[in-house]
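Have a look at the structure below, then the notes.
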Amino acid sequence: MEEVGNRSNQTNPAAGGSAPRTVLGSSADGTAPALGRLLSRPGFSRLLILAVMFAITAVLQQNFFEPRAVVRNINAFAPLILMTMGQAVVILSGGIDLSAGTALSLLTCVLTTVMRKGDPVTGVYALLVTFVVALATGAINGVGLGYLRIPPVIVTFATSFMWLGIALFLRPTPGGETVDWFKVFYNPASVGGMPGWARAAGAYLPPALVLVLVGCVLWLVIRRMRTGRYIYAVGSNSESAYESGINTARVQMSASIINSLFIFLTALFFVGQNQSGDARMGDPLTLRAIAAAVVGGIALSGGRGSVFYALVGALILSFVNKIIFFANFPNAYQTLFSGVIIIVAIAGSQLSTLVERKAS
Amino acid sequence: MSTVVNRPAAGVARALGAGKKYIIAFGLIVLLFVLGELTVSNFLSLGQFLLTIKLASFIALFALCQMIVIAAGGSGLDLSVGYTATMTAVLTAAIMDGQTSNLWIAVLVALGIGLVVGLLNGLLTAYVRLPPLVVTLAMANILQGVINVYTAGRNITGRPAPVLQIIAAKSTGIFPNILFILLIVAPIVMVLLYRTQLGLRLFGAGSNETAAYLSGVDVKRVRCAAFVISGVLASLIGLLLLGNMGIAFKDMGSNYVMPSIAAVVVGGVSMAGGDGNYLGVILGAVFLQTLTNLLVALGWGDAGKWLGFGIVLFILLIVYVSNRRGR
């Protein structure tokens, strides 16, 4: 896993082009004691927080390690993880995607509109159509962010309402139908006529985990490609990236489309799980994903952080939510708490970054 | 004042002055009315027009919050205005309980809510340096959460003071009273922004942060103050919304957030900050309300409204804001 050193990138913003891998050990100049060095690595503190959250949850949830509970937790965490990874890619490239949640809603609506319950082949059509729609949403955002250079916040705010409008046209109220085999994205064992080996595989490897792994592999591959490095370069300093000959518009377009692929994966899981589409279901995920990315150390100014630590951020937020759930507060408090957690989480991350910067 | 010098001229509108942006906004409104008259019978009538003006006034008032925050720069936007207004309406409805004598308490509560929300937004964005959008979106969530908690165990009771109903819902002759509020607010805003130190500092912080800082403007404080003003205004608008609706409900303000931002863009205000022409914003609000009416009349409902707003905003961003690089 790469961890982009905050400091070195900051002292030398122009080095963005080759940032991801060159700076791995740069903060460790050998003078500080080993433990201090380890603790001062931003990634380590996040893993530590995650471990603590993990431990608390394990203590609170009695059957935490039973296979069923593990699968249930993975199912509960996967959507946020996927959305956060996608969002992280966009933020790394110097953008932000406020339309991610509504894009997710739109995709669930498209899936459930194309599919017909009794006709298994419509599931394939739905996958193809939705994939194209996902790419289109990413491309439109990419044009606005990259080619037209409209401020990311405001352009994705505008597109979020376009997606919402289309989703409401397709599905004014939650519902719709799906083919039976679509449950394979949630629980293969519940699909009729599934071969035995697939059921067995599903029991050990929940589809939600598979989708997350697909996302991880996707990013691993892209990071090794030129696009991956360019995303960091454009995010940390668009002007100098442009001047060194990088087609910044195309890079931001790519980041946007990569994000839409993550959103597509999330939509598959949701429709597999709920068997329905809903034009409003994705809304809360936008902000939570942004917050999770920040908790995972993605700098909102772009170009700094790691997508895999964003995943850690999503896990931390998920565990925090779970711990609060155990505190057994009334349902009405849910929105309030999630809002407060988000503010505290991003403010805390930002303050710790500011302090770190001052210290160096 | 409103010329944007720090960005290369690229868009069509960039070359046009503010006056021409008025003409564009005005032309768009006329275009909509013509379209409406062609497609929907009886779209262009005095009653319809006055109703449009009335509903647009609320958008325009919310848009004032946005305009001030946007003008202060730092990619400011306030997505919490809707729930700030809702919270004020929900809480003060019970306090007023239809009695004018309780109005002053309601106003104090409204000011308090606005102050706290605005200050939190301002501190987190200006001093902790978090992106305004993320902060205010989270703030909206928190306020929604507070409203949920408040309404969990009880019904939302109470009615606005009659005075508020007269101001916000009733008409004098054919003119809705809220229009007069706007006619009072607009000149005051224009004078404050263009003729006072306050406006100068606000635009200075927005248009060129460094220059403003070097000439002794405390940019952080100005931006924080912009959020406080926005919060207080939004809270007071909540009182008017309550007056208009007669009752308070959980989502009464949230549908105004998108139009309030769109109105600022339609009004030709630079999203980069340092600029703010309220008259254009009012035209923008009228345009958006007319668009809503047209889409509703065509039977496209909510879906059409949000899609229409999204597309209009996107297109206007391309025309006004985009900053293409010639390669």
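The values are calculated or read from the model by the stated rules, or taken from the named source; none is laboratory data. This structure is a prediction, so every number in the text was calculated from the model and none was measured. For neighbour counting, all protein chains shown are included, and Cβ atoms are generated from backbone atoms with ideal geometry for every residue, glycine included.
General observations
- Taking residues in segment A:337-360 that are facing chain B (nearest Cβ under 7 Å) and within 23 Å of A:ALA327 (Cβ to Cβ), and partners anywhere that are among the hydroxyl-bearing types (Ser, Thr, Tyr) and part of a helix (DSSP H, G or I), not one pair has Cβ atoms closer than 8 Å while being at least 6 places apart or on different chains.
- Among the residues making up segment B:309-321, those that are within 7 Å of chain A (Cβ to nearest Cβ) and surrounded by fewer than 21 Cβ atoms within 10 Å (Cβ to Cβ) are B:ILE311, B:ILE318.
- Filter result for A:ALA100 (within 14 Å of chain B (Cβ to nearest Cβ), under 24 Å from B:LEU79 (Cα atoms) and either buried (at least 24 other Cβ atoms within 10 Å of the Cβ) or modelled with pLDDT of 95 or more (or both)): yes
- Screening B:LEU179, B:LEU279 for residues that are more than 14 Å from chain A (Cβ to nearest Cβ), touching a residue at least 12 places away in the same chain (Cβ under 8 Å), part of a helix (DSSP H, G or I) and within 18 Å of B:ILE68 (Cβ to Cβ) leaves exactly one candidate, B:LEU279.
- Members of segment B:201-225 found to be free of Cβ contacts under 8 Å to residues at least 24 places away in the same chain, over 12 Å from B:GLY74 (Cβ atoms) and not hydroxyl-bearing (Ser, Thr, Tyr), listed by number: B:ARG201, B:ALA211, B:LEU214, B:GLY216, B:VAL217, B:ASP218
- Of all the criteria given as (1) in a helix (DSSP H, G or I); (2) farther than 17 Å from B:VAL69 by Cβ; (3) among the charged types (D, E, K, R), the one not satisfied by B:LYS250 is (1).
- Options A:SER260, A:SER256: the member that is closer than 18 Å to A:ALA167 by Cβ and part of a helix (DSSP H, G or I): A:SER260
- Scanning segment A:155-174 finds no residues that are more than 9 Å from chain B (Cβ to nearest Cβ), surrounded by fewer than 19 Cβ atoms within 10 Å (Cβ to Cβ) and among the charged types (D, E, K, R).
- Search result, residues across segment A:220-246 that are assigned to a helix (DSSP H, G or I) and on the phi > 0 side of the Ramachandran plot: none
- Here B:ASN121 clears all of (1) more than 14 Å from chain A (Cβ to nearest Cβ); (2) within 30 Å of A:VAL344 (Cα to Cα); (3) of a type outside the set (A, V, I, L, M) except the condition numbered (1).
- Residue in segment A:285-307 that is surrounded by fewer than 20 Cβ atoms within 10 Å (Cβ to Cβ), in a helix (DSSP H, G or I) and of a type outside the set (Gly, Ala, Ser) present: no
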